[in-house]
Each structure stands twice: as C-alpha cells, then as structure tokens.
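So the structure is just underneath, and the comments pick up after that.
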Amino acid sequence: MIAEIIMNSSVRNLDKTFDYSIPFDMEDKIHIGSRVLVKFGNIKELKEGFVVNIKDKSDFEVKDISKVEEKDFIDEAKVNLAKWMSKRYFCNVSECIKLMLPPGTGTNNLENRAKEKTARFIRLAKSIDEIEFDIESKKIKSDKHIRALRMLDKISEIPSKEFEEIADVSSAVLKTLEKNGYIEFYENAVERNPFLHKVVASTNNLKLTDEQQSAFTAVENALDDMMNSEFLLFGVTGSGKTEVYLQLIEKVLEMGKTSVMLVPEISLTPQTVDRFIARFGQEKIAVLHSKLSVGERYDQWYKIKNGEAKIVIGARSAMFAPINDLGIIIIDEEHDSSYKSETTPRYNVKDVARYLAKEYSVPIVFGSATPDMDTYYKAQNGDIELLELTKRANEASLPDINIVDMRRELANGNRSSISMRLFEYIKQNLKDKKQTILFLNRRGYSTFVMCRNCGYVAKCKHCNIALTYHSKENRLRCHYCGYEEIPFKSCPECDSGSIKYSGSGTQKLEEEVNKMFPEASTIRMDVDTVTKKNSHEDIINRFKDENIDILIGTQMVVKGHHFPNVTLVGVIFADGSLNIDDYRAHERTFQILTQVAGRAGREKEKGNVFIQTYNPDNLAIEFSKQQDYKRFYDTEIKIRKALKYPPFCDIILIGFSSENEKNVIESAKQMYMCLKDKIISEKLPIILYKPVPAPIDRIKNKYRWRLIVKCKFDDKINDAIYECLKDLESKNIRDVKTIIDVNPSNMM
C-alpha cells in the first residue's frame, strides 16, 4: 500500500504529495489524516507529514514510512476541509491541517508533544469480604489501615494524593497496605479541567418573548428538517439573543448532536461558559481558546473527539474541533473582525462555518445588534433568513445617548479627557452607587512623544510607526514588534528639552480619573492587564462582585458583557476608528459605538451614554446616537455600491515584504504585470490597482508593498492568481514573502 503524504512545511514548492510505502506492520494503523515521520530528501532527521490519500501502487521508487502517530490524527473530512481552505486562501494544505490537530502537537518530535496527564491512582487489591475477615481475625489491627480500606471500598477511583488528604493517612500507611497486598497503585489519565473550581448556580429556561419565540421556531424547523439554512438573529443590545441560543442548543442536545458556539473575544468566553454551565452543567461543555494552558486545551480537544462534550464554546479556532455529529453552528457578534485570521492561513471563520454546515446539512445562526454589512446585505436579498428582536428582553429601555462636541470643551478651557457633562454624570453615578464604563480604544499612556521645538517624533527603529509611552514601566513601546526604549529627556535631534507627551491611552485615562474622583474605585482592562491566565475573567468578576465604581478599557469591555449595575458609559475618543485607511472605518465606528452603548442600563435603571467626538456631524456618530442600524446601512450601502466595495465585490490584497526594498518593489511589479496580462488575455472581470507602499510601509525591519484587486472572487480568478504566483516564483526574486488575503479585516 502507498500513502500520499504532504510535508509539514510552509514552503510553497512543497505543497504537493510525495509517495511513501506503508510497512506491513503499519497497515492497520495508517489512514487518511494520519501523522507520520519519514525520511525526506537528504535530510538526516525525520520529517513530519500528513497522509492525504492511500492507493495500491506508485509510479516511483519509494521509501518506507518510518513512524506513525497512532492517536493524534484527524479524519478524512478534515483533510478535505484543509484542501478546500488551501485553495481558497492561497496557502499550503499542511498549514490548514495544523489548525485541526490536537493543541500542543505542532512539533516534529512525536515524543515531545502534549500528552494526556496521568496520576497515580489507588484501589483495593482484595475483595472487601476478604479484608473484613482479616479485620475480624485481627490480622489488620491499625485503625488507620482499617479506616483507609473501608473508605476505599466506597470510592471507585481516586488519585492516591487526594485519598491521603481525604482519609487523613500518610503515604507510609498506603505503602504498608500495598506491601501486604491489600491495595495496589496504577497510572490513569486525569483531565486538566478549566472549570474545576467554577461554581455556578443552575438556571432554567426563561419564557421567550413573542419575537424570541418566532426566531426560535424558525431555526427549530430547519433543525427538524435537517436543512442547511442560514439565519441572521438581528437583535438590539440586551434583546435576549443568548437565551435563544441556549434553547436552540437544548433542542440539538435532545437530537443527540453537538453544537458549536463561537464568540469573538476571549474575554467574552468566561461569561458565556458561566451561562452555559448554569443551564447544562460542566460535563457536556468543552471550551477552546488561547488563554487556556496547552494541557487544558489538549484535554478539551479529546473530550470533544471522544464525544463526551456536546457543546463546544470558544473563539475562532473552536470551529476546527473534532466533531463528527455537528447539529448547529452559532456565531455570536458575527460582525467582529476577530473572526478573520490575520496570519496564515488567512481564513474567515464564517466561510469555514458555511462549508461545514453544508457538509453536515445543519443551520448556521449569525447573531449581532450591528451585523456585518455583507451579512445584512445577504439577509436583505433573501440569501439569509432575517430574524429580528426589536426590544430588550427584560422590558428595559435602550439608553439615552448624548453626543459631546469636544471642540466646545477645548474652547471652554477643558483640556482633560473627560467632558464637563460626563464628569457631572460620573459624580452622580458614584453618589447613587451605580457603575460606569469608560471606553478608550487606545492602550498605553501617550500615543506619541514629540519635540515641540523641531517636530521630532519618537519612532520604532524597526517599524515606521510612532512609539507609545507606557507610564507604569516608563518605556516607549512599539505595538507592532515589541521594541522598547527608555524615554528621552531631551530631543535626540535638536537637544531641546521641550518634549511633549501627546494623545491619551487607557493608562493616562486611569490616572486622570483617579485624580478627578479620588473616592472612586477603578479597574482597567486592556492588553496590558490581561496577560496572565484567567485575568479576563478575574477583572470582569471583580468589577461585578466587588461593585467597582469605574471600569476603564479598550474594545474588550464592549462586546456582549452583561453588567446589571452599569448605568453610565462614556466613549472618550469616538473618532479613533474614523481616521483609519479602511473602507469600513464608518461601519466599524458605528458598530463599536452601538455595542459599547449597549452595556448601559440593561436592567430596570435607565442608562446614559456620552459619546465624545471632534466630528459630531459624522453620519456614523449621528446614527449611533439614534441606535438606528437600518438608516446607517441604507446610507452606507449606497456609498459602497457607487465605489464598488464589498458586498458588491471581493477585495484581494496581495502583499510583499522583505528587508530588501528593491526586491519587494520588483516582486510587486512582476505580479502586477502578470495579472494585467491575464485580465486582457482571459477577459477577467477584475479592477486592478497599481502596487504602492502599504500604509505602514516598514514593520520589523521589513519593507512592505501591496497591490489591490477588486473582483467577484471565483475559481477562474483563483486560478489566475495562482498562475501568477507560480510565475513570480520562477523569477527567483530572493527573500520576498508574498501573502494573499481575501477580504482582509485589516487594510494596513
């Protein structure tokens, strides 16, 4: 038997199959999806590969497979998914397969991978009748021995260390019992359970509102009919989308199938997990996200593979969990950009979900208060069924939203980050023992440091970007490559001492708030404060449980959180996302403002939101004040159509990077000329833009150029781009990395 193997490599030339013979003693162990080690070329050490096909014979003289990993493998369906992703996202099949492997297994050394955790367990070696006879005949005299043996009879399986604590006996006592043949020790697997110390009160199904019931019934019918249908659950913030998800998943459980529930931010996962544990218990749930330890993720992966977990919750990567009985896919906050990978493979999880939903004939539910323009466009055109929740589920009203013109604040002499009206409302909130969220989507202390004498700005030595000042560490830091330096007291260019720290980040805002409201308790949530394991959950729980007065944070405080005592939200700088080089700038501004506003007044108390801006007349800001998604959509979709932007086309960004700027420019020009020739010769419906430097034209010492393609992406255009990639490789321009990103989330 011959195995067709794809090598585990990101080298484009190796994205093809190589034939290897399956030794007779491995024939029962190797199948499509197996991971193997083989001798490759003249390389001494064994190389990892993945079996993607098995056939009877080869046209070549082949080597034997050297070793097979019998446990950590994927199935044929996942291999087919990897092949589909490879073609769509212009990457190697092996790079896609690695997304589907058990966590912690991405090394060529099969002995040095994540494994099951084992512990030393203890059990009786004789029947309890024999033991009781020896106790009565005084063969066993010690009270500790008797207590331990009788207790073990009531416990079926327990680690020895845990038993020592429960039975209050020493290891010496257990060794004596083992020596006398009454007990035996053995190794057994133990689960690294991320929910181990989680205590959540159980809940029951809530009575659905008429709108919720209508949405539930529509999806329920698709489940009953095993239909591959798509639904957009479009509900205002606090409208009870999660309750609909919970009851749909209960329906899928009754059908004996598995549900996938995706959330965009790791910070959202603990809250979601709590609600699901409260409804379904720990045993049925597995959670997958990057903040778990490798061992925890490994055990959760196998809990899913073994069919023990029927509800899979997690961020983007959870879509690749080893599920064989998929029943439904739910993508909450579906508009969020984190569902699109910015590293190879540059996949969109919504595309992957659609592929899997079609394969399994199951429905997908997309949920959002501010849907992605593309999703809502499909809903308007009938490609996705629109389900609307127009009211908050607990009869709470939407918050009052106030726009604050910061130009007037400056004119009135207020140079702080907090407007006078917001200041007064925070003051009142503190008196009323209510909580406040202040949102600023910039971390650090100051966003740039400048010399007021000559205009010099401190920039990263490796990237063409300004350094951000972090006051706690007293460092200037690059948020792209991590470069740090000590702040200068005099200008490196003109030696002037006139140094200005400009712009505000969350650190500076926290300092200002502490000075303005010394009596208030504050907590900050941004990338700098959530580096430790469980830090997301710890901050959220502290804010809730300790009733901390003010939560200051970046966008991780915005999405999906339910804080019953929050009645006031302040958006400190609403213009930040308006001024980026991206056609979605207005859409993202509207989404983030609407989402953060949705954190206020989710219970009986009326909520208030203050949006501070220097562009009060901007349509995104004006429509967010009205919480009117449909009016925003109607306006924005006309602009998109006129300018031929998604959803009326696909955008393909082709990027080039290298430390050699000349080679980068040459590669970009060669790709441009090849695509231009293809457009003419094959009459391809493509709008092709000339190559230009990327908005941030140097990152990590690598120069960056790009060219942009607008088209309706299909197989013909896919093939044309692949052919131009091969043509570019034949030019042998050295040390240039080429990436192709279909509908990128980041145009920088």
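Per-structure values
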{"read-out": "Residue order, fewest to most surrounding Cβ atoms within 10 angstrom, among Met26, Met100, Met420", "value": "Met420, Met26, Met100"}
{"read-out": "Likely footprinting exposure, Thr589, Thr344, fewest C-beta neighbours within 10 Å first", "value": "Thr344, Thr589"}
{"read-out": "Given Lys29/Lys257; Lys98/Lys737; Lys144/Lys175, the pairs whose alpha carbons are separated by over 24 Å", "value": "Lys29/Lys257"}
{"read-out": "Cross-link pairs beyond the 21 Å C-alpha cut-off, checked among Lys340/Lys461; Lys55/Lys83; Lys44/Lys67", "value": "Lys340/Lys461"}
{"read-out": "Near-label residues of the range 665-679 by backbone N, under 20 Å of a point 7 Å along Cα→Cβ of Tyr722", "value": "671-672, 674-679"}
{"read-out": "Debye intensity ratio in log₁₀ form over the Cα atoms of the range 518-569, taken at each q of 0.19 Å⁻¹", "value": "-0.62"}
{"read-out": "Spatial separation of Cα centroids for the range 426-451 and the range 1-42, in angstrom", "value": "56"}
{"read-out": "Expected 222 nm ellipticity per residue - DSSP helices of 4 or more, -39500 (n - 2.57), all of the chain, to 500", "value": "-10000 deg cm²/dmol"}
{"read-out": "Ordering of 515-522, 375-382 by burial proxy (mean other Cβ atoms within 10 Å per residue, highest first)", "value": "375-382, 515-522"}
{"read-out": "Label-to-label distance, nm, for residues given as Lys39 and Thr390 (7 Å Cα→Cβ offset)", "value": "7.4"}
{"read-out": "Ascending count of other beta-carbon atoms within 10 Å, so fewest first, for Thr176, Thr209", "value": "Thr176, Thr209"}
{"read-out": "Estimated vicinal HN-Hα couplings, Hz - the range 410-416 in sequence order (Karplus 6.51, -1.76, 1.60; Gly, Pro = x)", "value": "4, 4, 8, x, 8, 9, 7"}
{"read-out": "Cysteines in the chain lacking a second Cys C-beta under 4.7 Å", "value": "Cys91, Cys96, Cys481, Cys649, Cys711"}
{"read-out": "³J(HN,Hα) computed for each position of the range 53-70 - Karplus, 6.51 cos²θ - 1.76 cosθ + 1.60, integer Hz, glycine/proline x", "value": "6, 10, 9, 7, 8, 10, 7, 10, 7, 10, 8, 7, 5, 8, 7, 10, 8, 6"}
{"read-out": "Stretch gain in nm, segment Lys433-Arg120, where the contour uses 0.36 nm per residue and the Cα spacing is subtracted", "value": "107.5 nm"}
{"read-out": "Entries in Lys310/Lys625; Lys303/Lys358; Lys78/Lys716; Lys78/Lys731; Lys87/Lys690 that, when Cα-Cα distance is taken, lie over 29 Å", "value": "Lys310/Lys625; Lys78/Lys731"}
{"read-out": "Listed residues Leu101, Leu37, Ala77: farthest to the positive end of the dipole of the range 1-127 (Cβ charges)", "value": "Leu101"}
{"read-out": "Proximal aspartates and glutamates relative to Lys378, as straight alpha-carbon distance under 12 Å, when same-chain residues fewer than 8 apart are discounted", "value": "Glu230"}
{"read-out": "Cleavage-rule hits, trypsin sites (Lys or Arg not before Pro), the range 613-694, DSSP coil, Cβ neighbours within 10 Å at most 13", "value": "Lys644, Lys683"}
{"read-out": "From phi via Karplus (6.51, -1.76, 1.60), per-residue ³J(HN,Hα) for the range 351-361 in Hz, x at Gly/Pro", "value": "5, 4, 4, 5, 4, 5, 4, 5, 5, 9, 6"}
{"read-out": "Alpha carbon centroid spacing (whole Å) that separates the range 255-292 from the range 198-231", "value": "16"}
{"read-out": "Viscosity 1.306 mPa s, 10 °C: Kirkwood-radius Stokes-Einstein D of the chain over Cα pairs, µm²/s", "value": "54"}
{"read-out": "C-alpha center-to-center spacing [the range 495-511, the range 665-706] in angstrom", "value": "39"}
{"read-out": "Sorted peptide list for 571-582, 327-338, 164-175, criterion being average Cβ within 10 angstrom, highest first", "value": "327-338, 571-582, 164-175"}
{"read-out": "Filtered chymotrypsin sites (Phe, Trp or Tyr not before Pro), the range 625-693: DSSP coil and at most 12 other beta carbons within 10 Å", "value": "Tyr689"}
{"read-out": "The chain - share of DSSP beta bridges that are antiparallel (%, nearest 5)", "value": "55"}
{"read-out": "Whichever lysines have a C-alpha closer than 19 Å to that of Lys500, once near sequence neighbours (fewer than 8 apart) are set aside", "value": "Lys459, Lys472, Lys489, Lys508"}
{"read-out": "Distant-in-sequence amide H partners of Gln282 (H built 1.01 Å from N, under 5 Å)", "value": "none"}
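Laboratory data are not the source of any read-out in this text; all were calculated from the coordinates shown. Remember, predicted model here, so these are calculated numbers, not experimental data. Positions of Cβ are generated from backbone atoms using ideal geometry, with glycine treated the same way; all protein chains shown enter the neighbour counts.
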